Amino acid sequence: MDYISTRDTTSTTAKFTDILLGGLAPDGGLFLPAVYPRITPELLDEWRVLLAAKGYAALAAEVVKIFVDDIPAAEIEKITARAYRTPVFSTEQIVPVSRLDDGLYLAHLSEGPTAAFKDMAMQLLGELFEYELARRGEQINILGATSGDTGSSAEYAMRGRDNIRVFMLTPAGRMTPFQQAQMFGLDEPNIFNIALDGVFDDCQDVVKEVNGNAAFKAKYRIGAVNSINWARLLAQTVYYISTYLRITESNEEKISFAVPTGNFGDICAGHVVKQMGLPIDKLIVATNENDVLHEFFTTGNYRPRSAQETHATSSPSMDISKASNFERFIFDALGRDAATTAELFGVKVKEGGFDLAEEAAPGTLERIHEEFGFLSGTSVHADRVATIAAVEREFGVVIDPHTADGVHVARSVAGKVDTPIVVLETALPVKFAETIREALGRNPEVPQRFASIMEAGRYVTDLPNDAGAVADFIAATIDATDATPDVN
């Protein structure tokens, strides 16, 4: 399996373990498989039997194997077995699925150590990183940005691991108290939290700018765990497949997915498996007040917002106006035209955005709707509150605000969809107590594993919204810790 850049399909081919540790392609593009492997009906039958007999980790191993040919198959099986197990995840199913009514399901992606769907990818990433670094005898310094959940998931997956440091940027004051406590409460020698004076998109821009400095990146061995890292999307493809297998009885059935998203990573994994042949009908993009993606899917106009235009909402993990994974999708939508993709994301987006009708072949937006199966909708605070209350009243289930965005949008487009819709759960309600109190008049249940999380100390460094300042902090930290003798 070779991987190519969205901005150059000929000269940047690489193997999985190279892009695992590297993040962005050298030309600034994002890596994708040169050709998507096919999911045949026969393979799907095999996976259906495997999931029932041996569980999620075994299925994950088989999916990873078709994308990765430079790690021995036996090692992949060990890696997925370590990543997807109890008590790391609170249920043996790893991703259970529950039915709300005949046409609406929830895929529970929040059974991991930080109660967020990001655990599904990060636990696998942690195992892959540790394996590959040990094999190479190398170290890596992970630089990431988070709007709420990526950071804690990454830190819990990487803490205590050999040869790995994590530098995680957060938008100062923009996360919930619980999210901040999860991250800033970690007192680990390889974890470094940085609160940036800005919004998530500023953090993401700083990550890209630092990664764009090839000399700095090479000297300080900078890697990525944000959704620009292909391995995260690979991990996420597995739960689309497992969910399909759990809900259906035959490969003749199709289902749709409604996905709360701001960065387009979670739903991009759905796009990948649909292109591979998984019987998906519709992929429904659910946004909040930061509705850049909804605007695109309804008009063809992609206009990222500035930090000043990005709203702080009650579904904060989606307070994103520059969807970093969107380039992967547009690359496919343009028939894998790398030159046009490079122009759109290397030039046009920096100038304010682009109109697909002006940049692509006629009918491209229609193809996105019909062939790729995309629909979209948006949700505001009042919708979230009402949906949380309605789902609890009708089904006895409490959902978090992001999942409420997904349920609201799924219901709003249900008349356009002829198949059951699965909403991908984003997080447990405990992470968003203020909104749950507003919707239900009571605090969300606190799982026992989080009972004392708010009492931990806080370990975080405040920095200005400046890539140079962040790079200086990273360099000083690495230089200081590398110079410290090992006392063991």
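The values are calculated or read from the model by the stated rules, or taken from the named source; none is laboratory data. Treat the numbers as computed from the prediction; the structure is a model and nothing was measured. Note: ideal-geometry Cβ built from the backbone for every residue, glycine included; neighbour counts use all protein chains shown. Ligands, DNA and RNA are stripped out before the accessible areas are found, and what is left, the full protein with its side chains, is counted by its heavy atoms. Shrake-Rupley method; radii C 1.70, N 1.55, O 1.52, S 1.80 Å.
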From most to least accessible, 1.4 Å probe, no ligand or DNA/RNA atoms counted, 187, 281 line up as 187, 281
Between residue 98 and residue 50, the FRET efficiency computed from the C-beta separation at R0 = 25 Å comes out, to the nearest 0.05, as 0.65
Going residue by residue through region 46-54, the Karplus relation 6.51 cos²θ - 1.76 cosθ + 1.60 with θ = phi - 60° gives ³J(HN,Hα) values, rounded to whole Hz and with x marking Gly or Pro, of 4, 5, 4, 5, 4, 4, 5, 8, 10
Between residue 380 and residue 136, the two model label points (7 Å from Cα along the beta-carbon direction) sit apart by a distance in nm of 4.8 nm
In debye to the nearest 20, the charge dipole size for the chain, taken about the Cα centre with +1 at each Lys and Arg Cβ and -1 at each Asp and Glu Cβ, equals 540 debye
In nanometres, the difference between 0.36 nm per residue of separation and the alpha-carbon distance of residue 443 and residue 472 is 6.3 nm
Distance in nm between residue 35 and residue 355 label points, each 7 Å along Cα→Cβ, equals 3.8 nm
By accessible area (1.4 Å), largest first, 340, 261 order as 340, 261
Rounded to one decimal in nm, the spacing of the 7 Å Cα→Cβ label points at residue 75 and residue 479 is 3.4 nm
So residue 1 and residue 43, fully extended at 0.36 nm per residue minus their Cα-Cα distance, gain in nm 13.3 nm
For region 170-235, the per residue accessible area (1.4 Å probe, Å²) is 30 Å²
Filtering GluC sites (Glu not before Pro) in region 201-301 by DSSP loop and by at most 15 other Cβ atoms within 10 Å leaves 249, 252, 253
Sorting 466, 201, 291 on solvent-accessible surface, 1.4 Å probe, most exposed first, gives 466, 291, 201
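Let's test the formula: R0 of 30 Å, r as the Cβ-Cβ distance of residue 371 and residue 253. What FRET efficiency results, to the nearest 0.05? Don't jump to the answer; show the numbers that get you there.
Values: r = 20 Å, r/R0 = 0.66.
Rounded to the nearest 0.05, the efficiency is 0.90.
On the accessible surface of the chain, probed at 1.4 Å, how many percent belong to carbon and sulfur atoms?
Values: 8660 of 17860 Å².
That fraction is 49 percent.
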Given 51-60, 440-449, the highest-first ranking by average Cβ count within 10 Å works out to 51-60, 440-449
Residue-normalised value, i.e. accessible area per residue, for region 272-393 at 1.4 Å probe, in Å², stands at 35 Å²
Here the percent of antiparallel bridges among DSSP beta bridges lying wholly in region 49-185, to the nearest 5, is 40 percent
Percent relative contact order for the chain, counting Cα pairs under 8 Å at least six residues apart, stands at 18 percent
Options [x] 1.13; [y] 0.95; [z] 0.91 are given for Cα Rg over 2.2 N^0.38 Å, and the computed one is [z]
Rounded to the nearest 5, the percent of antiparallel DSSP beta bridges in the chain equals 25 percent
